[in-house]
Amino acid sequence: MNFKILKKSKLSRARLGFLETEHGVVETPCLVPVATQAVVKTLESKEVQETKSQILISNTFHLHLKPGEKIVEKAGKLHNFMNWKKPLMTDSGGYQVFSLGFGRDFGLGSKLSLGNQTKDKNLLPRFSEVVVGMQPQKIKINNDGVIFRSPINGDELFIGPKESIKIQEKLGADIIFAFDECTPPLADLDYVKKSLEKTHKWAKICLKTKKSKQALYGIVQGSRFKDLRLESAKFIGGLDFDGFGIGGEFGNDKITMSQMVEWVVDELPEKKPRHLLGVGYLEDMELIIKSGVDTFDCTVPTHYARRGIAFTSEGKLNLKQTKFLKKREPLDKNCVCNVCLNYKKDYMCHLLKANEITGMKLLTFHNLFYFNTFVEEIRQRIKKGEI
RNA sequence: GGGCGUGUGGCUGAGCAGCAAAGGCAACAGACUGUAAAUCUGUCGGGGUAACCCUUCGUAGGUGCAAGUCCUACCGCGCCCA
């Protein structure tokens, strides 16, 4: 992999670049749609390409469980397996340390709120913080890695940095990630310190383990603590990674989020690409790109689509609302995607209310196209010197 | 014609003397950021911010302090016997 920076903004940390891989070039900044199980849910690879998606991210943990990396390897690795010719990433499974652990215990996301704090008291965590010595109920984290129970058959399985890298080598994505511990947002300072030691130790093991030509990104953690973020960025940034992921918690609002990203970005080697893990509401994009992020993945366009939420130039629409049954008009007049050119709101509303898979599929297509177009426009604005 | 059974809020379905009435579905509103499709939360007879008030359990009477709940008649539906 080779990363070329074409232009650096004079107004912000934003930059335009080319991420060159064996499977083609990614124009950055770029959204990376999520294909956890080697598929963007509801779409086939050809359709994903038609949404202007340039690169996807699959998941090591999920593919290890099902169908198993050996199957994927025999099929000619991920690209052939899923018939996707363009670049691919795989996430290391580090996030599942969180999502199947404390995240599940407390019903939390890795980002506590980012300003969208829930008003529903029942959804607020029923505890104050995670402290040193606490273990999630379903998994056990030790110094070498994480013991999971397979959600499929209950088998005990172990994934640590070595295991993750070996799996990712078999999966064969262009860009792979180091195995980290994504700390829960409410972990206290001591917990995050200890966790960071592990993540850093694991980072070195990942580098040592990797034998393939795949690009390997290290992951910066440190939660909401500035000194830990800086420490982590310096440490991870000082290692011989091809790029860097930034993960974990980013504070209570969008401004804090971009500040935290900037702390980290300023410590990372300038010439290498930076990937922000799991962030990407529309309103986040300009902020994180201005903070110096080159790529970022987010489940929102695809996940929300399956819940009936459409992102359009008139805002976020809940297409399951009965009122849309009376709207014989395109989802978004200003959108030129296949869905907006060929289907109307009434029909899509009907499909979604009837729980038809095609409803989810049409919305997934539109949302991805819309998000990708949104980022494309941001790239244009950087080119013009507006951002 | 005779016997037994049944009738509950938009639907379904509990309740068998102290109820505005369980549960489910539907509806309505909200949430979701390194994926969770079919999830989570709230509302869901009417009125008021609220303590509270009003109207409901086929219809009409009756017995009780109190009736969706017991009794009588009628109406509708179901099964069985003639």
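What follows is calculated from the coordinates using simple rules that are stated; it is not laboratory data. It should be emphasised that the depicted structure is a prediction, and the values quoted were computed from it without experimental measurement. Reconstructed Cβ throughout: ideal geometry from the backbone, glycine too, with neighbour counts over all protein chains shown.
Taking the square roots of five times each eigenvalue of the Cα gyration tensor of the range A:313-382, the equivalent ellipsoid has semi-axes of 24, 12, 10 Å, listed largest first.
Would you please give the FRET efficiency between A:Q49 and A:L207, computed as 1/(1 + (r/R0)^6) with r the Cβ-Cβ distance and R0 = 25 Å, to the nearest 0.05? The partial results should precede the final answer.
Details: r = 32 Å, r/R0 = 1.30.
Efficiency at R0 = 25 Å is approximately 0.15.
On the beta carbon distance between A:N83 and A:V336, with R0 = 25 Å, the FRET formula returns roughly 0.45. In chain A, the longest principal axis of the Cα atoms and the axis of helix A:226-237 are about 80 degrees apart. The trypsin sites (Lys or Arg not before Pro) of the range A:132-183 meeting both criteria, a DSSP state outside H, G, I, E and B (loop) and at most 16 other C-beta atoms within 10 angstrom of the site's C-beta, are A:K138.
For a 4.7 Å threshold on C-beta separation, the list of partnerless cysteines in chain A reads A:C30, A:C182, A:C206, A:C298, A:C337, A:C349.
In plain terms, the chain from A:E283 to A:V25 could stretch by 90.3 nm, reckoned as 0.36 nm per residue minus the Cα-Cα distance.
Where both partners of a DSSP beta bridge lie in chain A, what percent of those bridges are antiparallel, to the nearest 5?
Working: 22 of 46 bridges.
Within chain A, antiparallel bridges account for around 50 percent of the total.
The angle separating the long axis of helix A:254-267 from the principal Cα axis of greatest extent in chain A is about 50 degrees. How large is the dipole of chain A about the Cα centre if only Lys and Arg carry +1 and Asp and Glu carry -1, each at its Cβ, rounded to the nearest 20 debye? In debye, rounded to 20, chain A gives about 680.
Seen from every direction in turn and averaged, the convex hull around the alpha carbons of chain A projects onto 18.4 nm².
With an 8 Å cut-off on Cα pairs and a minimum separation of 6 or more residues, tell me the relative contact order of the range A:2-298 in percent. It rounds to 19 percent for the range A:2-298.
Here the convex hull built on the C-alpha positions of the range A:170-286 has a volume of 109 cubic angstrom per residue.
Highest mean first, what order results for A:230-237, A:263-270, A:150-157 on Cβ atoms within 10 Å? Please list the in-between numbers first.
Working: A:230-237: 20.6, A:263-270: 18.5, A:150-157: 10.6.
In descending order of packing, they fall as A:230-237, A:263-270, A:150-157.
Between the residues A:F369, A:F296, A:C337, the greatest Cα displacement towards the positive end of the dipole of the range A:251-387, with unit charges on the Cβ of Lys, Arg, Asp and Glu, is found for A:C337.
Take A:D332, A:D242 and order them by how many other Cβ atoms sit within 10 Å, fewest up front. Provide the component values of the computation, followed by the final result.
Numbers: A:D332 20, A:D242 17.
Placing the least packed residue first, the sequence is A:D242, A:D332.
Could you tell me the relative contact order of the range A:162-265? Use alpha-carbon pairs under 8 Å, at least six residues apart, and round to a whole percent. About 28 percent, as a whole number.
From Cα pairs below 8 angstrom and at least 6 apart in sequence, can you work out the relative contact order of the range A:1-111, rounded to a whole percent? Value for the range A:1-111: 20 percent. For the range A:121-217, chymotrypsin sites (Phe, Trp or Tyr not before Pro) are listed when DSSP marks them as loop and at most 15 other Cβ atoms sit within 10 Å of their Cβ; the list is A:F127.
Pulled fully out, how much extra length does the chain show between A:K344 and A:K384, if you take 0.36 nm times their separation in residues and subtract their Cα-Cα distance?
On the way: separation 40, 0.36 × 40 = 14.40 nm, distance 3.47 nm.
That pair, A:K344 and A:K384, stretches by 10.9 nm at full extension.
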